[in-house]
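Every read-out reported here was derived from the displayed coordinates using simple, explicitly stated rules and does not represent laboratory data. Note that this is a predicted model, so its numbers are computed, not measured. With ideal geometry, Cβ positions are generated from the backbone for all residues, glycine too; neighbour counts draw on all protein chains shown.
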């Protein structure tokens, strides 16, 4: 296996997150008025660092949980409960049985999603059969890429998302992303093939779910738009804003396929819109990073990226899993 694909997936996701985090709550009009018609194209630094949001924080805790022995979903739920502490308390240096809790930079509140915070605070016990809520927000999909890197099956991704997001469209996209990432990083599958296979797998796995057909149609629409001459922003408008998981994945798939050999163009397209820019950027970065590898991520998206060395370390460890 090419370990650079594993590292690229985590670095790419963090880069997309950091680029989009700066404009997440701005309208397109505001973004282009402030930054020109090209929108945000470079990191906006804070004390010399491009800051990550809750998306990458939770992705890191997912990755760390996968390196532990025992029940996978229980370990992921435990990790999310620890992550929530970093969003509600101050760093004290207290020892935890989780290496990430000693990383001081993670003890920063970075716009955590209300659904994640509430669901985890209530115990992080949601399942597909016993949903904790009716949320289909993107908080379930934006954090699960490491599950694909670790080689686990799609259902683990769905179950991990369902811990906090109970709507079918909150966890089906997570299963689909896990499938894509696993095919790209572990099987070296071409990008379009990985997307098509993931959609087919989701349609079969969740054939009895009410919203599966809608999800499949939207994701296939993203593929068709990627092949069209529709301008980026118009295509993204046709797919949604990314505040919900199915739209996040669709926008990420569109940008990744349209610019499958140009990480920078894909990331810029993925974040310059009205919606949840950090999440669409993060998922696009996960997909293309797993497809192209670390070397394809431009140096400007590596320099000054907060916690860069941690992504390299965890990516390497996930690649070493059997």
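Quick look at the numbers
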| item | result |
| --- | --- |
| Potential extension, residue 304-residue 230 segment - 0.36 nm per residue separation minus Cα distance | 23.3 nm |
| Order of 277, 135 under a 10 Å beta carbon neighbour criterion, fewest first | 135, 277 |
| Debye log10 I(q)/I(0) at q = 0.18, 0.21, 0.22 Å⁻¹ for region 88-224, Cα point scatterers | -1.02, -1.21, -1.27 |
| Geometric extent, Cα atoms of region 159-200 - Rg, Dmax (angstrom) | 11.3, 32 |
| Cubic angstrom per residue, convex hull over Cα atoms of region 1-60 | 105 |
| Rotationally averaged projected area of region 194-262 (alpha carbon convex hull; nm²) | 4.6 |
| GNM flexibility winner over the chain from 205, 223, 22 (Cα, springs under 10 Å) | 205 |
| Residues residue 118 and residue 214, FRET efficiency given R0 of 25 Å [Cβ-Cβ distance, rounded to 0.05] | 0.45 |
| Value of relative contact order over region 3-319, rounded to a whole percent, pairs C-alpha under 8 Å and six or more apart | 32 |
| For the chain, alpha-carbon Rg over 2.2 N^0.38 Å | 0.89 |
| Quarter of Cα convex hull surface for region 238-284, i.e. mean projection, nm² | 2.6 |
| Relative compactness, region 83-154, computed as alpha-carbon Rg over 2.2 N^0.38 Å | 1.26 |
| Of 279, 53, 228, the one that fluctuates the most in a GNM where the chain has Cα springs shorter than 10 Å | 228 |
| Projected area averaged over orientations for region 1-120, convex hull of C-alpha atoms, nm² | 9.7 |
| Measure of compaction for region 137-288 (Cα Rg per 2.2 N^0.38 Å) | 0.91 |
| Extension gain (nm, one decimal) between residue 295 and residue 89, 0.36 nm per residue minus Cα-Cα | 70.5 nm |
| Separation between Cα centres of region 3-44 and region 133-174, rounded to whole Å | 23 |
| Pair residue 27, residue 44: separation of 7 Å Cα→Cβ label points (nm) | 1.7 |
| Top of 154, 246, 262 by mean-square fluctuation, Gaussian network on the chain, Cα under 10 Å | 262 |
